[in-house]
Structures are given as structure tokens and as C-alpha cells.
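Contents: one structure, followed by commentary.
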Amino acid sequence: MILAKTGNEALAYAMKQINPDVVAAYPITPSTEIVQLFSNYVADGEVDTEFVPVESEHSAMTACIGAAACGRRVMTATASQGLALMHEMLFIAAGLRLPIVMAVASRSLSSPLNIHGDHSDSVASRDSGWLQFFCETVQEGYDTLIMAVKIAERAYLPAIVAIDGFILSHCQERIETLEDRAVREFLGQPKPNYNLLDWRNPILVGPATLQDYYFEFKRSEIEGMRRALPVIEEVQQEFGQRFGRYYPVLEEYRCEDAEAVLVVMGSACGTCRVAVDQLRAEGRKVGLVKLRVFRPLVHNLLRTSLAKFPKIGVMDRVDAVNSYGGPLFTEITSVLYDLPERPKVFSYVYGLGGREFSPEDARMVYEQVLSGKKDELVTYVGVR
Amino acid sequence: MARKLKGWQELPCGAIISDLQAVKENKTGAWRSLRPVWNNEKCRQCLLCWIYCPDSAILIQDGKVVGIDYDYCKGCGICAGICPAKAIEMEKEKK
């Protein structure tokens, strides 16, 4: 069906079609509507979900962990301070290898208070062991949330699906939805290895491990993340074959013979496409490298792709406040370090707190990267 | 007891332990600083202590409470708090 939906409406609709066993959530702007609309589906009897309205995001994630440890399909949604409040439990969900799927409407972190979109929340959770997907459009968000359930359950890892707050969460786009039945057939039933509430087969969840075993369990979790990429590719291909929409982990847009490319995550990819089209029409050799999967860090794909380009601008919609460069910039420069001939890589921080990032801004960045000259280590795009 | 330590590839995914023998060997009762003392005469056999005990340390025989398993009771006091008949009292553990 072709519908006009905001990002939040589309994700709530995807959740309805996924029909998770348990949803535990607490509202926060700009993700509130996802769960609010979903709770309507619960009240109207359109899903079989046990809906748990909790008293905080910390409790939301805790309830999700408990339900997932019972082998159930579990989802939630949050943003910003809510994700920050979950921080402790994120590591526990990942360490227990529970395939919880969480929609995030990306938003800045206080202080000062700001409700608008940037990537501070998810990126600050980057070391928690969750898979992370950044979506460019509402359609991609809808499709990715459905795929993430299958990916998480196959990889035994929790997953964040991020749409940019307000830019995607509150703006309507034309989307093509799938049939309820098609979604359920694509996902199948979860196949848990155990159930915490199965008293005939008792298990211990969350043991204390000391100097003798903690490291080995972490090593095993690390391996889970290392093996996640083939699972992601497999499920994305299945989705593409079945429904005709395929999203590569890393997409090169008009990158053939490009002298300069920007590496971008999220909705700004669309903005950069416009700038690329304009610049290409003027004969400038520029392209876009869209990074859709932030965790795992797809280092081999990034190295192979980026090695081809002499000049690269890395776009971070978040600053790591490390007195150096943006988080994606530091990771990408590190990925390229082993190349015999390294490209020039520039760090750009843009769009913090929902600051507009226009095609003109993107053009300016492209011009600077093409020139190969930049005085400061990090450029804060549009800051007065 | 000397045991060969396992490598990371031999460990269960997510540290979910289904071999509960290892759990039995680890006598956590040694951590206790307060000891629950159960009074048979006051006990109404409602089994709330058994439901609430996080360490399965309430001993049951034929559906009735018969005592406390001090090998595993960590002395958290939840049983004493939940008991409607005040049949469990926490006492200082003697050295």
C-alpha cells in the first residue's frame, strides 16, 4: 500500500505488523508517537503484544531484558535523555545476547536542553554492543525496523534503528508498506534457545564472573559483533529479493572517478545527493558514500571503498567532545591508516541540535574538500 | 577444587548458564552477615518466603516450609520482610 506517513507513524505501523510479544516503553520527544501510536494498536486489539508502560527508560530496557530472556520478541523506542538513562541496561542486553529491537528518533543530549535531531544519543551508545542502523528516509526506517528484528534474532544481538529526530520522525513521506502477512512470513517465529520462565529447565541469567571468566565472556560477545555483518547482508538480501527494496550496508552514490566524497549517515544523505547532482551537472567530480550501518563498524567495506578517493570529508552529526575530531572521523581515519597511500580526510561536524543542513551547506563542504585545503582540524558547519 | 578453565569458544552464548551444577558448588551462604531464623510455631505456611526468595534458599518438604538453606542464603532479608506472620527474624551472623 502507498501511504503518507511521518517517520514515527511508519515505525509504529512497522511495529504493529511485527506484532512483538512485549513492548515496554516510556515516552520522550521526538520518539513519543512511535509508542503512543503503537499503544493505540494494543488498545484496539490489533496486536497480541503485552504492553508495559513503565516509569522510566531504565525500567523500559530492564523490562525488555526480562521479556527477551524468556525468548520473546521484544521492542521499544526512545531518544536522547531516554537512551542515556538506559545506558546501563544497554550493556546488559548486549552481554546477555538478547535480540531486542529499539527504534530511536535521534536527538541531541542536554545541556543546554534541545529536543531536535542530531546523532548524540545513539553514537554515545556506540560501545554498548548494540547493532546500529542510521536511516536516510522514512521508507528506509520502516523497512529497516522490520529487517532489524530478523537480523537481531539471527545474530543474537540487540539493534538500534535510528531515524533523525523531527527531520524524519515528524515529516511525512510517501512510503510503500508491506502486507501484514508478508511481514509475519518474512520474520517467522522467534526461535529462542531458552526461556527464563521454563521452570522445568532452569537456567541462570546474568551470573557473576570474576577475573577468571569475565574476559572470556566478553571475548565471545565481541565475536558476536564480528560475525554480525554477514547476517546483516544476508537478511538485507532476503528482504530485497522478496520485496524489491535493497539497502546496501555502504552505498556509493555517483562516486565513479570522484575526486572528493563525503561519508554521511542518516537523513543528510538526501541533502548531499542534491548537492552531488548539482556539482556533477557542473562537471565537478564528487560523490556520496552513505554509511547505513554504524555498528558493527564495517571497516573492510569502508577501507575498500574509500581507498579509491583522494579526498574525503567525514560528516559527523555529533561531536565527541574529545578536543580532536568527530567520532566517525576518528574511526574512519583509523580504518584507512594501513593503506599504503592514504587519502586526505577532513572532519566536519554539522547539524547539532537540529541546526539546518542545506544543500548549499553541503556544496560548501564539497568545495572545501575538493580544494584539499582546510585550516582547522574540525569544521563546525554553519556555526557563527 | 582445581578445575580446568574453559576458553571463550567453549562458553555458553550470553553467559546463560544451564549447567546448574557449577551454581551449586558456589556456596554463596558464606557472604551472609544477617541470618534469617525461621519460627515453626508462628509460620502459617503461606509460602510467600519461598516465592520471594531470590536464591531458592527456603527449604520445602511435602509442600511445607521446613527451614532455610544456609549454604545459599545470602541474608538479604526479603523473606523476613514479606512474612505476614513475622515468623522469620534476622539475627546478626556470629563469626
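If we keep just the residues of segment B:26-41 that are part of a loop (DSSP other than H, G, I, E, B) and away from chain A (no Cβ under 14 Å), which is surrounded by the fewest Cβ atoms within 10 Å (Cβ to Cβ)?
This residue is B:GLU41.
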Report yes if some residue within segment B:50-60 is on the phi > 0 side of the Ramachandran plot, of a type outside the set (D, E, K, R) and more than 14 Å from every other protein chain (Cβ to nearest Cβ); otherwise report no.
no
Sort out which residues of segment A:219-252 are more than 16 Å from A:ARG295 (Cβ to Cβ) and open to solvent by 50 Å² or more (accessible area, probe 1.4 Å), and write them in order of number.
A:ARG219, A:GLU234, A:GLN237, A:GLU238, A:GLN241, A:ARG242, A:GLY244, A:TYR246, A:GLU252
Of the residues in segment A:163-190, those that are surrounded by 18 or more Cβ atoms within 10 Å (Cβ to Cβ) and in contact with a Leu (Cβ under 9 Å, 6 or more places away or on another chain) come to A:ILE163, A:SER169, A:ILE175, A:THR177, A:PHE186
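Scan A:LEU339, A:LEU370 and give me the residue that is outside any helix (DSSP H, G or I) and farther than 30 Å from A:CYS171 by Cα.
A:LEU339
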Could you say whether any residue in segment B:7-23 is modelled with pLDDT under 95 and over 17 Å from A:PRO207 (Cβ atoms)?
no
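For (1) open to solvent by 30 Å² or more (accessible area, probe 1.4 Å); (2) touching a Ser or Thr at 6+ places or on another chain (Cβ under 6 Å); (3) modelled with pLDDT under 95, each residue gets a yes or a no:
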residue: A:VAL261; (1), (2), (3): no, no, no
residue: A:VAL264; (1), (2), (3): no, no, no
residue: A:THR271; (1), (2), (3): no, no, no
residue: A:VAL293; (1), (2), (3): no, no, no
residue: A:PRO296; (1), (2), (3): no, no, no
residue: A:VAL318; (1), (2), (3): no, yes, no
residue: A:GLY325; (1), (2), (3): no, yes, yes
Considering only residues that are in contact with a helix residue (DSSP H, G or I) (Cβ under 8 Å, 6 or more places away or on another chain) and either open to solvent by 20 Å² or more (accessible area, probe 1.4 Å) or closer than 9 Å to A:GLY313 by Cβ (or both), which ones fall in segment A:345-355?
A:VAL345, A:PHE346, A:SER347, A:TYR348, A:LEU352
Quick count over segment B:1-25, residues being facing chain A (nearest Cβ under 7 Å), assigned to a helix (DSSP H, G or I) and aliphatic (A, V, I, L, M), is 2
Give segment A:115-161 a look and list any residue that's within 18 Å of A:PRO230 (Cβ to Cβ) and free of Cβ contacts under 8 Å to residues at least 60 places away in the same chain, or say none.
A:ALA148, A:ALA152
Filter segment A:191-202 down to residues that are over 21 Å from A:PRO158 (Cβ atoms) and exposed (fewer than 13 other Cβ atoms within 10 Å of the Cβ), then give me how many there are.
4
Can you tell me which residues in segment A:361-379 are more than 23 Å from the chain's Cα centre (by Cα) and either touching a residue at least 24 places away in the same chain (Cβ under 8 Å) or crowded, with 18+ Cβ neighbours inside 10 Å (or both)?
A:ASP361, A:ARG363, A:VAL365, A:TYR366, A:GLN368, A:VAL369, A:LEU370, A:GLY372, A:LYS374, A:LEU377, A:VAL378, A:THR379
Cβ-Cβ under 9 Å, sequence separation 6+ or interchain: first residue in segment A:176-194 and within 14 Å of another protein chain (Cβ to nearest Cβ), partner buried (at least 18 other Cβ atoms within 10 Å of the Cβ) and in a helix (DSSP H, G or I). Which pairs?
A:LYS191/A:GLU153; A:PRO192/A:ALA68; A:PRO192/A:GLU153; A:ASN193/B:GLY14
Flagged pairs (Cβ under 6 angstrom, 6 or more apart or on separate chains; first in segment A:220-232, at the interface with chain B (Cβ under 8 Å from one of its Cβ atoms) and of a type in the set (S, T, N, Q); second open to solvent by less than 30 Å² (accessible area, probe 1.4 Å) and outside any helix (DSSP H, G or I)) are A:SER220/B:LEU11
Within segment A:83-105, residues more than 21 Å from A:ALA10 (Cα to Cα), buried (at least 23 other Cβ atoms within 10 Å of the Cβ) and away from chain B (no Cβ under 11 Å) come out as A:MET86
Can you list the helices (runs of 4 or more DSSP H) lying wholly within segment A:212-297 that have 2 or more residues being hydrophobic (A, V, I, L, M, F, W, C) and more than 18 Å from the chain's Cα centre (by Cα)?
A:214-226, A:268-281
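The values are calculated or read from the model by the stated rules, or taken from the named source; none is laboratory data. Being a predicted model, the structure only gives us computed values, none of them experimental. Positions of Cβ are generated from backbone atoms using ideal geometry, with glycine treated the same way; all protein chains shown enter the neighbour counts. For accessibility, only protein heavy atoms count, side chains too; no ligands or nucleic acids. Shrake-Rupley method; radii C 1.70, N 1.55, O 1.52, S 1.80 Å.
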